[in-house]
1. Just give me the residues in region 20-46 being modelled with pLDDT of 90 or more and closer than 18 Å to Ala58 by Cα, in sequence order.
2. What is the one condition in (1) more than 30 Å from Ala97 (Cβ to Cβ); (2) in contact with a Lys or Arg (Cβ under 9 Å, 6 or more places away or on another chain) that Glu80 does not satisfy?
3. Looking only at region 1-21, which residues are small (Gly, Ala, Ser) and either in contact with a strand residue (DSSP E or B) (Cβ under 6 Å, 6 or more places away or on another chain) or assigned to a loop (DSSP other than H, G, I, E, B) (or both)?
4. In region 67-121, what residues are among the aromatic types (Phe, Trp, Tyr), loosely packed, with under 14 Cβ neighbours inside 10 Å and within 22 Å of the chain's Cα centre (by Cα)?
5. As an exercise: evaluate Ala58 against (1) hydrophobic (A, V, I, L, M, F, W, C); (2) surrounded by 12 or more Cβ atoms within 10 Å (Cβ to Cβ); (3) in contact with a strand residue (DSSP E or B) (Cβ under 9 Å, 6 or more places away or on another chain) and give the number of the one condition it does not meet.
6. Counting only residues that are of a type in the set (S, T, N, Q) and surrounded by 12 or more Cβ atoms within 10 Å (Cβ to Cβ), how many does region 122-133 have?
7. Might you check whether a residue that is of a type in the set (A, V, I, L, M, F, W, C) and touching a Ser or Thr at 6+ places or on another chain (Cβ under 6 Å) occurs anywhere in region 49-60?
8. Condition first: part of a loop (DSSP other than H, G, I, E, B), surrounded by 10 or more Cβ atoms within 10 Å (Cβ to Cβ) and of a type in the set (D, E, K, R). Can you find one or more residues in region 22-44 that meet it?
Amino acid sequence: MQILWTNHPSDKSLNGTKQHVAREFAIVVASYNQATICPRPNYGTKEWIEERQAADAARGINKADTAIPFVVGVRWGLQEHSTAGTVIVRETAHEIAYYGDAATAAHYGCPKSLVAEFNSRTDNRAAQNQENAKIAQKNTWAAPVKFV
């Protein structure tokens, strides 16, 4: 909300200037006769457009306002998922596809170097899983069962 200072309480040099403030603050200073609330310009007028442009310029840049980049062609990569493990990612302009096996990804044109990297990562994960299973089996303790 915009106010026009008529009797600023601490800085008399601000008298006669306009300032954007919170609505609650504007109501308080107007009730103390220190400022008047400026009426908003009518929609679509030149003054309204100028006010909107000033508000947009004062707002600055926000990350949420940025558009998602347009992917030209196809972009391939690997990604680690907590449940699926390593997957191959294929990004195009309109979609993102995840492949859990190298054969399907290769069918859609995945580069051979990426398939090799995927295979090495999944082989390492399989070997680690087998080693973890052996350790878990070795550490499992079961009490002897006594039949009566």
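The values are calculated or read from the model by the stated rules, or taken from the named source; none is laboratory data. Please read all numbers here as calculations on a predicted model, not as lab measurements. Cβ placement follows ideal geometry from the backbone for every residue including glycine, while neighbour counts extend to all protein chains displayed.
1. Val21, Ala22, Arg23
2. Failing condition for Glu80: (1).
3. Going through region 1-21, the residues small (Gly, Ala, Ser) turn out to be 10, 13, 16.
Hits for region 1-21 are Ser10, Gly16.
4. Phe70, Tyr98
5. With respect to (1) hydrophobic (A, V, I, L, M, F, W, C); (2) surrounded by 12 or more Cβ atoms within 10 Å (Cβ to Cβ); (3) in contact with a strand residue (DSSP E or B) (Cβ under 9 Å, 6 or more places away or on another chain), Ala58 is out only on (2).
6. Looking only at that region, the number is 1.
7. Here is the first cut: in region 49-60, the ones of a type in the set (A, V, I, L, M, F, W, C) are 49, 54-55, 57-58.
Those left that are additionally touching a Ser or Thr at 6+ places or on another chain (Cβ under 6 Å): none.
For region 49-60, residues of a type in the set (A, V, I, L, M, F, W, C) and touching a Ser or Thr at 6+ places or on another chain (Cβ under 6 Å): absent.
8. yes
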